[in-house]
Each structure stands twice: as C-alpha cells, then as structure tokens.
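One structure is given below, encoded as structure tokens.
Taken together, the values in this text are just the output of simple stated rules run on the coordinates, not laboratory data. On a predicted model such as this, the values are computed, not experimentally measured, just so you know. Every residue, glycine as well, gets a Cβ built from its backbone with ideal geometry; the counts of neighbours run over all protein chains shown.
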Amino acid sequence: MSPPVGSLYSVVTHRLLSANRSELRVQVDGRPATLASALRSGDHVQVDEPSGVEPVVPRYLFSTSPGLPDVERTLWRPGRSALELDMVGSVSGEVRSRSIAGPPVTGQPEGTKVVSLTFDDGPDPLWTPAVLSILADEHVPGTFCLVGIHVQAHPDLVRSELAQHETLCDHTLDHDEHLDRASPGRIAREIDAGADAIVGAAGVQTSFYRPPGGTLSPAIIEAAHQRGLRVLFWTIDSEDYLRPAPGVLLQRILAGVRPGAIILLHDGGGDRSHTVAILRPLIDTLRAQGYGFTTPAAEQPVATPQQGA
C-alpha cells in the first residue's frame, strides 16, 4: 500500500511544516503498527493522515521579581509583571492570540509571623545529617547555603537535602570572604562555579546566592544577578561559629526575632555541636511564640493547562 503523504501547516502563516510519511499513524485491528507490519486475511487496517493545521497550546509569559531589593535582608515575597497568555502553534511557536491572564503583583517584604532558618558552609558529613534529622522530625524547612568544594566532596548530602525538599543556595566555590577585592572575572567564576557544583550534584539550579562573610560590592551583586540569583543576606547573625554556650546562643537569636527574619546558622566549617544542641529548643520556643517557618520564596511557577484546555 502507498498512502498519501501527510502535511502539517503552521497555525498563522499556514507554511508547510512537514510532509513526512513517517508521521502517518497506522493501526491494525486497533493496535499500533507500521507500514512494514505483516497482515493476515481479515485484518482491519486504519491509516490516519495528519494533514491539516498544527494544534494550538497555551503558553504563559511574565517577568518575575519586580520590586525586590538588590540584597534581601529579610524575607520577601516575589512579585511579577502582568501575566500574559499566548495561544501558540505546538510546532511552529507562532502566536495565534495574546491576552492578559492576570494583573501585576509587586514584590513586598514578609510581614507575617514566619522566620527562615538558614545554614551556611556545608555540606558536612557530621553536622549536616544531624541538622537534617532535626528539621525532618520538627517538619521545618531549611535553606542550605553550600560551598562548592564541599558539594563536590559530598554530593550525596546535597541530594539528601534536595530529597527532603530543602532550599539550596550558592555560597561560592571556595568561601572567599574577600571577593570585594577581586576582579569581576574572579567574582563571576566563584559564584558560577558554586552554582555549577550544585547542578552537578543535585541536577537543579538554585535561585539564591549568599556572600561568604557577608562581603558585598556592586560587582558581586551584579555577578549574582547575571547568574539569575537573588542575593540572600540575613536578619540575625547568630555568630554560632564563635561557639558561645548553647544558652547564650539561643537567647541571642530569640532577642532578634521578628516577622520575616532570616536566621543565620551553620552546619559546616567547624564544630557545630552547639548549633545542633539549640536547634530543637529554638524551633519549639519560636512555635510557642506563634511563629511559623518558611524558606525564601522562589518565583511562583504558573500551572500550564493541558492541551486543548
């Protein structure tokens, strides 16, 4: 048999997209087959020729995060520009129609009684699992600001963080606290290499960058933004890296808590036993004060309807 060649045309300009016999859909007795399938007497052969105009599918377009500060020192809710809905050809991408599907939303600081627990300088094979275990027991999300060389050494821990739905954050490749003195090229390499290490370990792109030691400059902020990263600072520096007594550490954090606070802790870079010791009491005390826990909000994805919706 020699069926006609099927032709597919674009939705707007009606240009020929394909004329390929391999696109023909063949069924024998209701089951998928090919033109080379053997036939028996009495078989029912159906050939569907896909001639016609390509299907139309929805595509949402919007730019995210208008109104966010260059450096986020408290939790922020990202905004977005007006949400645009295009109906486009599924093959050609030609736009058949365009409409506004939602109003713009301006980014704004978080004002409700929630805080974010963030952990720097990991992953560490001793302290990171201990922190993850407490967060899982307490059903509290965390944000882990990861040093690239430690990510490369312990990719399994990064995957464990991701599997527990924690938020991952780029903390450079080498934890250089003096990047403000570096050239733009070196700054970009440190930030990009840290983010690339996370991609290599966990297969995901992070949305955030935290500067080692809190060191910032216009060039650092620009390099982070060029990578598509929001600069995540903190509201409360617990100074747990100085290893104060657990009681002192706990009270230092609680004294600075307010709605939208980002709390800086560490799960790497040294002995973090005091941090682990106060983590559960900190969570329980904040809950008793009416606080909830969240992570820095990434841009909200927009659900795309199924074809034909």
Note to self: Only Cα pairs within less than 10 Å get springs; with that Gaussian network setup on the chain, which residue of Thr118, Thr215, Thr143 has the largest fluctuation?
What the structure shows: Thr215
Check: Given +1 on the Cβ of Lys and Arg, -1 on the Cβ of Asp and Glu, and no further charges, what dipole in debye does the chain carry about its Cα centre, rounded to the nearest 20?
Finding: 780
Next item on the list: Work out the FRET efficiency for Ala288 and Leu126 from their Cβ-Cβ distance, taking R0 = 35 Å, and round it to the nearest 0.05.
Entry: 0.75
Note to self: With 31 Å as the cut-off, how large is the P(r) tail for the chain, expressed as percent of Cα-Cα pairs?
What the structure shows: 47
Note to self: Between segment 162-183 and segment 206-247, how far is it from one alpha carbon centroid to the other, in angstrom?
What the structure shows: 8
Item checked: Ala38/Thr13 FRET efficiency (R0 45 Å; Cβ-Cβ; nearest 0.05) -> 0.60
Next item on the list: Determine the percent antiparallel among the DSSP beta bridges restricted to the chain, to the nearest 5.
Entry: 50
Check: By how many nm would the segment from Leu254 to Asp156 lengthen if fully extended, with 0.36 nm per residue of separation less the alpha-carbon distance?
Finding: 32.0 nm
Checklist line | Candidates Val45, Val131, Val53: whichever shows maximal mean-square fluctuation once the chain is modelled as a Gaussian network with Cα springs under 10 Å | finding: Val45
Notebook entry, point to check: Anyone know which of Thr295, Thr13, Thr275 comes out most mobile in the 10 Å Cα GNM of the chain?
Noted result: Thr13
Next item on the list: Would you mind computing, in nm to one decimal, how far apart the modelled labels at Arg73 and Val47 are, each placed 7 Å from Cα along Cα→Cβ?
Entry: 7.3
Next item on the list: Give, in nm to one decimal, the length gained when the segment between His178 and His225 is fully stretched (0.36 nm per residue of separation minus the Cα-Cα distance).
Entry: 15.0 nm
Check: Can you give the extra length, in nm with one decimal, that the chain gains between Ala193 and Gln205 once fully stretched, where that is 0.36 nm per residue apart less the Cα-Cα distance?
Finding: 3.1 nm
Next item on the list: Taking 7 Å along the Cα-to-C-beta vector as the label spot, tell me the Ile134-Tyr60 distance in nanometres, rounded to one decimal.
Entry: 3.7
